[in-house]
Amino acid sequence: MEQLTAEIQNLTVEFEHKEKQLQEEIDKLQQMINDNKFSIDRFKHNQAQVKFYTLLDSYDSFRVVLDFLELGASFLIYWDSNGDLADSNMGPSTATSDS
């Protein structure tokens with residue numbers, strides 16, 4: 001019985017060690033994905049890259065333009081290829097209240 005208990009404890013320790021190794025590998029791979037993801041966050045602290053990708057002088061300028069466009073995009077109405085109002089799941093909500 002003591003031998004089985006010792007075996008279970010050894011297997012538990014081994015399992016926890018392997019689990020920790022796998023979690024570290026997952027974290028490493030997730031970081032690699034984040035490092036290779038193309039987004040403004042990747043280069044927002046590098047003014048030369050901001051200028052290259054956006055033709056704007058700074059990240060702050062980019063945010064001003066983005067915020068302005070985001071405001072306008074919230075009022076877009078989507079139409080399908082038949083000229084009918086598209087499904088509301090395709091874009092921002094266009095519902096109005098009838099007060």
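Taken together, the values in this text are just the output of simple stated rules run on the coordinates, not laboratory data. Remember, it's a predicted structure, so these values are computed and weren't measured experimentally. Please note: Cβ atoms are built from the backbone with ideal geometry, for glycine as well, and neighbour counts cover all protein chains shown.
Would you please put 48-54, 78-84 in order of how densely packed they are, using the mean number of other Cβ atoms within 10 angstrom per residue and starting with the highest?
On the way: 48-54: 14.0, 78-84: 8.4.
Highest to lowest by the protection proxy: 48-54, 78-84.
Note the count of lysine pairs whose C-alpha atoms are less than 24 angstrom apart in the chain, limited to pairs 8 or more residues apart or on different chains. Could you put the intermediate results ahead of the total?
Details: K18/K28; K20/K28; K28/K37; K28/K44; K37/K51.
Lysine pairs meeting the criterion: 5.
Debye calculation, C-alpha points only, no solvent: report log10 I(q)/I(0) for the chain at q = 0.11, 0.17, 0.21 Å⁻¹, in the same order as the q values.
Here log10 of I(q) over I(0) equals -0.70, -0.95, -1.03.
Which residues' amide hydrogens lie under 5 Å from the amide hydrogen of A86, considering only partners 5 or more residues apart or on another chain, with H built in the peptide plane?
The list, which skips near neighbours in sequence, is Y78, W79, D80.
Measure nothing fancy, just the Cα-based angle from helix 2-36's long axis to the longest principal axis of the chain, in degrees from 0 to 90, nearest 10.
Relative to the chain, helix 2-36 is tipped by roughly 30 degrees.
Report the local net charge at L56: Lys and Arg +1, Asp and Glu -1, summed over other residues whose C-beta lies under 15 Å from its C-beta. List each step's numbers first, then the result.
Values: positive: K44, K51, R63; negative: D57, D60, D67.
In short, 0.
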